[in-house]
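The values are calculated or read from the model by the stated rules, or taken from the named source; none is laboratory data. On a predicted model such as this, the values are computed, not experimentally measured, just so you know. Only protein heavy atoms, including side chains, enter the accessible area calculation; ligands, DNA and RNA are left aside. Shrake-Rupley method; radii C 1.70, N 1.55, O 1.52, S 1.80 Å.
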Amino acid sequence: MTTQRLTSFTDGVIAIIITIMVLELPVPHAPGMAALQPLSVLFAAYALSFVKVGIYWSQHHNVVQAARKVNGPVLLANLFFLFWLSLIPFVVRWVGEAGVTRDTVLAFGVIMLLTSLSFALLLSALLGANDADAPIAKAARRGRKGLITILAYVLAIAIAFFWPLVAVAIYIAVALMWIIPDKRFEALID
C-alpha cells in the first residue's frame, strides 16, 4: 500500500466522523435565536471536537506525507487510531444530552487520551517502517507537543473527578496548543 492510499482511506473515515458529529446537532423547532440556547452545550462540545478531529487530520496528513513506506503494523496502528477517533461523535452526543458532568467530561478525556496514545503508536509504527534517513525520522526527533498532550489529558482526567470545568479548560488549552502549526513535518516534505 502506498502512503497516498493510507491518507485517502483515513481522509474518508475522518470525513464520515465529522459528518456524523454535525448530524447529531438537532435543528431547533422554534423560530428565533432563543431556540438555540438549549443547544449551547452540545454546540460547544461539537466545536471543540471538530477542532480536535481537524487537528488529528492535519497531523495525520503531515506524518504520513513524511513517510516513504507503510506496512502491516502501520495499517493496524492506523485502524486503532481511527477506532478511538470514531468514538468522538458518541461522546459529543452524550455531552449534548447529559450536559457537562463528571462522567461526560471523564469520557471525553479518556477518548482524547486514547486517541493521542493511538496516534503516538501510529507514529511509532511509521518510524519502524521507514529508514533513518526518511523525512519522518528527522522530523520526529524534535518536538514535545505529543508528550505534553498525553500528560495534559492524564491530568485533566484526574481533575475531572472534582472539577469538570477545569478539565474542560485543559482540553481547550491542548486544542489551542495544536492550532499553532507544527512545522517539523511540513519543512521536511519534498
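Find how many whole Å separate the alpha carbon centroid of the range 1-56 from the alpha carbon centroid of the range 120-168.
23
What angle do you read, to the nearest 10 degrees and between 0 and 90, between the alpha-carbon axis of helix 40-66 and the longest principal axis of the chain?
Approximately 0 degrees, to the nearest ten.
Determine the calculated [θ] at 222 nm for the chain from helices alone, applying -39500 (n - 2.57) to every DSSP H run no shorter than 4 residues and normalising by the residue count; nearest 500 deg cm²/dmol. Write down the numbers at each step before the final one.
On the way: 9 runs with 144 residues, N = 190.
Mean residue ellipticity, 222 nm, calculated: -25000 deg cm²/dmol.
Quick one: compute the contact order of the range 1-121, relative version, from alpha carbon pairs under 8 angstrom and 6+ residues apart, as a percent.
Values: 90 pairs, mean separation 44.7, N = 121.
37 percent.
Considering only protein heavy atoms, with the full assembly of protein chains and a 1.4 angstrom probe, order T2, T115 by accessible area, largest first. Don't skip to the answer; put the middle values down first.
Working: T2 70, T115 0 Å².
Descending order: T2, T115.
What percentage of the solvent-accessible surface of the chain, computed with a 1.4 Å probe over protein heavy atoms, is contributed by carbon and sulfur atoms? Could the numbers behind the result be given before it?
Details: 7180 of 10070 Å².
Answer for the chain: carbon and sulfur cover 71 percent of the accessible area.
Can you list the equivalent-ellipsoid semi-axes of the range 64-190, largest first and in whole Å, using the square root of 5 times each Cα gyration tensor eigenvalue?
Largest first, the range 64-190 gives 31, 16, 11 Å.
Round to the nearest 10 and report in Å² the accessible area of K183, as given by a 1.4 Å probe over the protein chains' heavy atoms.
Approximately 120 Å² for this residue.
Taking θ = phi - 60°, what integer Hz values does the Karplus form 6.51 cos²θ - 1.76 cosθ + 1.60 yield along the range 31-38, in sequence order, with x for Gly and Pro?
After applying 6.51 cos²θ - 1.76 cosθ + 1.60, I find x, x, 5, 4, 5, 7, 3, x Hz.
Give me the extension gain from F43 to A169: residue separation times 0.36 nm, minus the current Cα-Cα distance, reported in nm with one decimal. Working shown, then result.
On the way: separation 126, 0.36 × 126 = 45.36 nm, distance 1.60 nm.
Length gained between F43 and A169: 43.8 nm.
Lys pairs in the chain, Cα-Cα under 17 Å, at least 8 apart or on separate chains: how many?
4
Can you work out ³J(HN,Hα) from phi for every residue in the range 114-129, in order, using Karplus 6.51 cos²θ - 1.76 cosθ + 1.60 and θ = phi - 60°, giving whole Hz and x for Gly and Pro?
5, 5, 5, 5, 5, 5, 4, 5, 4, 4, 4, 5, 5, 5, x, 7
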